[in-house]
Amino acid sequence: MDFETPKLTEKMQYLYLDIIASLRLIPYEQRAYIFGVDDDEDFDWILAFASYITLEYIKYSYDSIDPEYSLRHFLLESEAEDSERMTQSRIIQYVAKYKKREIKERDPIIPPNHKFANLDMDNIEQKLNGYRLTEMNFFEHQVIHDIEILKAVVEKRIGSAKKISNTRFQEIFEQYDDFVESLIARSKKSDEDMVFASLAFFTLEWHYALEAFYFVACLMEDNGIKDVDIDTLTLLCGHINVQSIFGGSVNTTSRMIKDRMVFLNYLLDRKTEIFETETMKHLIKEIIVLYVYYMQLMTTTDGGLYKDWFKKESCMSDWASFLRYYDVFSIWQKKEWTRTRVRNMRKILDVMFIEPI
């Protein structure tokens, strides 16, 4: 089927079209269930899935080339360096504490090679070696510590218990909006900034889903919905175990930060019948399974992993051209609060970050 190709670098356009073509390699029944059959294929969903996988391949590729440095590397050479390094060490320990708790809520045992398994500095060898962080790691630590809404979320003090007043609630979301606007401004400076800023926002949104939750809070107000649909939110914004009707299961986190807005709008629409809602949920589960397959098992003709081939064949300018087209920032909204939206948002944060999922 013909379609207008986005404005990408020549190499990125080739890779993107190859990912679209690779969907033909999926077993027929599975492909037909997700995308439709032959002349009745839903090409919009094919493009949406291919675009999402491309984003994931870019994230994987960027992480693979982002070098690790000692903490000293990120600090200015000054008389205050030692003091600043101690401050940064405390920030890292703070973030590691809450990130490890978040990880253990999903899996009681953190793999020894996990990024957050070795940040405690429990022995002299660890202290001598110091913290090893990539630029993105360092940035994420700073943001989680400095952006009040993210800090409140990881400390589980943001829900309806109102440890944060409504006025303060709106102020800290305004700080978050200002932060996202700064990322958008940075993304326009260069290819490197486009990739870094886009992936930083992508990472925070799939971890904390603040844009998705605000979107739902508005939908609840507009549609007169009183109760939070935790199953829908968890399916699209949480850590889930999915049993595929085509065999096997996956344990993963839903990271479709753009596509889930479309799903949420459909699933929370009062006009959507119950059977349609359940059908869509099953479809979403199979899309999530397919994503895991592409990231972990999809191979090239020579038997290597597709994601590694993509990493070898592409570069920063290719990724930047795609991210300008895909625009992860398009889901961001400047927050406008009503009492109902604040109440809805607190309910959502309760079930997603306070109560066990």
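Looking at the structure I just gave you, is ILE20 under 16 Å from MET295 (Cα atoms), at pLDDT 90 or above, out of contact with any strand residue (DSSP E or B) (no Cβ under 7 Å at 6 or more places or on another chain) and assigned to a helix (DSSP H, G or I)?
Here the answer is yes, as ILE20 does meet what is asked.
Are there any pairs, at least 6 apart or on different chains, whose C-beta atoms fall under 9 Å, with the first in the range 334-348 and farther than 20 Å from ALA152 by Cα and the second among the small types (Gly, Ala, Ser), and if so, which?
Sorted first by the residue in the range 334-348, then by its partner, the pairs are THR340/ALA217.
List pairs: first residue in the range 230-241 and under 10 Å from PHE263 (Cα atoms), second residue surrounded by 15 or more Cβ atoms within 10 Å (Cβ to Cβ) and of a type in the set (Val, Ile, Thr) anywhere in the structure, Cβ distance under 8 angstrom, at least six positions apart or on different chains.
Note: pairs meeting the criteria are LEU236/ILE284.
Does the range 270-285 contain any residue that is under 18 Å from PHE49 (Cβ atoms) and either buried (at least 17 other Cβ atoms within 10 Å of the Cβ) or in contact with a Pro (Cβ under 8 Å, 6 or more places away or on another chain) (or both)?
Yes: one or more hits.
Quick one: count up the residues across the range 203-224 that are buried (at least 21 other Cβ atoms within 10 Å of the Cβ), over 13 Å from TRP332 (Cα atoms) and of a type in the set (Gly, Ala, Ser).
So the answer is 1.
When you scan the range 83-195 for helices (runs of 4 or more DSSP H) that lie fully inside it, which ones turn up with 2 or more residues that are buried (at least 17 other Cβ atoms within 10 Å of the Cβ), modelled with pLDDT of 65 or more and in contact with a Phe, Trp or Tyr (Cβ under 8 Å, 6 or more places away or on another chain)?
Passing ranges, in order: 135-146, 148-154, 166-187.
Please verify whether THR203 is more than 19 Å from VAL143 (Cα to Cα) and of a type in the set (Ser, Thr, Tyr), treating the condition exactly as stated.
no
Tally time: how many residues in the range 246-301 are closer than 23 Å to ILE58 by Cα, polar (S, T, N, Q), assigned to a loop (DSSP other than H, G, I, E, B) and touching a Phe, Trp or Tyr at 6+ places or on another chain (Cβ under 9 Å)?
Residues in the range 246-301 being closer than 23 Å to ILE58 by Cα, polar (S, T, N, Q), assigned to a loop (DSSP other than H, G, I, E, B) and touching a Phe, Trp or Tyr at 6+ places or on another chain (Cβ under 9 Å): 2 in total.
Within the range 278-286, does at least one residue satisfy the condition of being at pLDDT below 90, closer than 17 Å to ILE34 by Cβ and either in contact with a strand residue (DSSP E or B) (Cβ under 7 Å, 6 or more places away or on another chain) or of a type outside the set (Ser, Thr, Tyr) (or both)? I'd like the intermediate steps shown before the answer.
Initial filter on the range 278-286 (at pLDDT below 90): none.
For the range 278-286, residues at pLDDT below 90, closer than 17 Å to ILE34 by Cβ and either in contact with a strand residue (DSSP E or B) (Cβ under 7 Å, 6 or more places away or on another chain) or of a type outside the set (Ser, Thr, Tyr) (or both): absent.
Going through the range 289-312 one residue at a time, which ones are charged (D, E, K, R) and crowded, with 18+ Cβ neighbours inside 10 Å?
Hits for the range 289-312 are LYS307, LYS311.
Which of the following residues is of a type outside the set (Ser, Thr, Tyr) and at pLDDT below 95: GLU355, GLU336?
Numbers: GLU336 fails: at pLDDT below 95.
After applying the criteria, what remains is GLU355.
The values are calculated or read from the model by the stated rules, or taken from the named source; none is laboratory data. Not measured: the values here are computed from a predicted model. Please note: Cβ atoms are built from the backbone with ideal geometry, for glycine as well, and neighbour counts cover all protein chains shown.
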